Amino acid sequence: MTESEASTSTHLAVDAGLLCSTDSSNLDASQYNSTSGREAYLLGRTLASTQALVRSLYALPRVQHPDHGPLASLPLPTYPYLPREKPLPKPRVETKWEKFAKRKGIENKKRDKLVWDEERKEWVPRWGYKGKNKDVEEQWIHEIPASKGDDFDPAKEAKRARRQRTVQNEAQRLRNVARAEQSSARAAPSVNKGQTEYHTPQAAAKRRAERDERAKQLDQDVRRGKISTASMGKFDRALQGEEKQKGLKRKFEPNEIDTKQERASHLHLLNKLGNAPPATKSKQPKTSDEVNIRKAVKFASDGKGHTAFNKGGGKAAGKKARK
């Protein structure tokens with residue numbers, strides 16, 4: 001065994017439980033920096049660590065299995081915790097209700113999804129299809145309070161209140177999520193360059209511009225969808241709080257403009273009037289050699305067309321017939 005191999009073996013830590021072999025000895029700078037011998041040097045260090053791990057596995061007690069051969073049971077890990085790549089997770093931020101319950105000593109008890117219905121004598125869902133929370137809406141008789149008018153509908157009022165509670169609960173959930181994200185952002189330090197650049201004013205302005213661009217694109221898609229109906233959106237029902245779509249406005253020049261701009265516009269108009277329009281294919285000037293065959297045939301056949309020539313008609317035939 002050479003001196004380098006002996007020093008390497010003293011710094012080897014083998015953990016058979018994790019199938020891990022760690023070499024904590026320092027690297028030889030001269031061999032590591034050489035371009036020709038670096039690969040062989042690293043392979044030699046890796047080979048020594050692997051051989052030490054394999055020797056520790058062969059030293060374990062083995063049992064003979066009839067189908068799989070010799071088997072060895074791994075011992076408990078020497079190092080029970082491996083180093084983490086990510087930082088430890090931050091504790092979840094408590095909601096307002098959790099803080100209140102903790103302060104008042106209220107125990108959080110998970111509500112069951114099924115409740116007992118005394119009228120039907122069966123377990124029914126608390127929410128959802130045929131839920132217990134819809135009993136007031138679906139009952140066939142209602143008691144109208146004296147303070148309500150004749151047009152008061154208890155079923156509609158109960159349905160509106162239930163939906164309003166759903167909206168309020170969802171809004172409260174979103175506020176809790178936003179509060180937790182803000183708390184995590186304040187507590188989390190900037191550990192690398194990417195996170196540091198994320199919190200700069202330039203990055204915030206860029207994110208704000210991207211958010212405005214997405215909102216503008218979404219608004220354009222909504223407007224395009226509104227005019228995709230057969231009536232171009234004329235008879236569509238407007239939603240509550242929806243802004244009226246603005247049309248295009250004509251832009252007029254101001255009454256008083258710069259003299260240079262006025263002179264340039266007048267010269268542009270005079271140039272358009274002085275120049276002749278480009279000759280198109282349908283309006284080319286005719287020469288004396290060109291003949292309108294259609295008019296010539298109509299004149300020669302006395303308005304009867306080319307079929308008169310097949311029958312021997314035309315002006316000459318007509319005159320002979322009259323004589």
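Each reported figure results from applying straightforward, stated rules to the coordinates on display, with no laboratory input. Because the structure is a prediction, the values reported are computed rather than measured. Using ideal geometry, Cβ is built from the backbone for each residue, glycine included, and neighbour counts are taken over all protein chains shown.
Couple of notes before you dig in:
- Close amide H pairs (under 5 Å, H built 1.01 Å from N) link Cys20 with Asp15, residues at least 5 positions away or on another chain.
- Our note on the geometry: Cα centres of the stretch 242-261 and the stretch 100-138, 62 Å apart.
- Sparse-neighbour loop sites [trypsin sites (Lys or Arg not before Pro); the stretch 59-131; at most 13 other C-beta within 10 Å; DSSP]: Arg84, Arg92, Lys109, Lys110, Arg111, Lys113, Arg120, Lys121, Arg126, Lys130
- Per-residue ³J(HN,Hα) for the stretch 142-150, Karplus 6.51 cos²θ - 1.76 cosθ + 1.60, θ = phi - 60°, Hz, x for Gly and Pro: 10, 9, 8, x, 5, 7, 8, x, 6
- In Hz, Karplus ³J(HN,Hα) per residue of the stretch 200-208 (6.51, -1.76, 1.60; θ = phi - 60°; x = Gly, Pro): 6, x, 5, 5, 5, 5, 5, 5, 5
- Cα-centre dipole for the stretch 1-115 with unit charges at Cβ (Lys and Arg positive, Asp and Glu negative), debye to 20: 1520
- Pairs from Lys102/Lys130; Lys102/Lys206; Lys216/Lys249; Lys206/Lys260 whose Cα-Cα separation, in the structure shown, is over 29 Å: Lys102/Lys130; Lys102/Lys206; Lys206/Lys260
- Least to most buried among Ser147, Ser25, Ser30 (fewest other Cβ within 10 Å first): Ser147, Ser30, Ser25
- Positive-end extreme of charge dipole, the stretch 77-178 - chosen from Pro125, Pro91, Thr78 (charges on Cβ): Thr78
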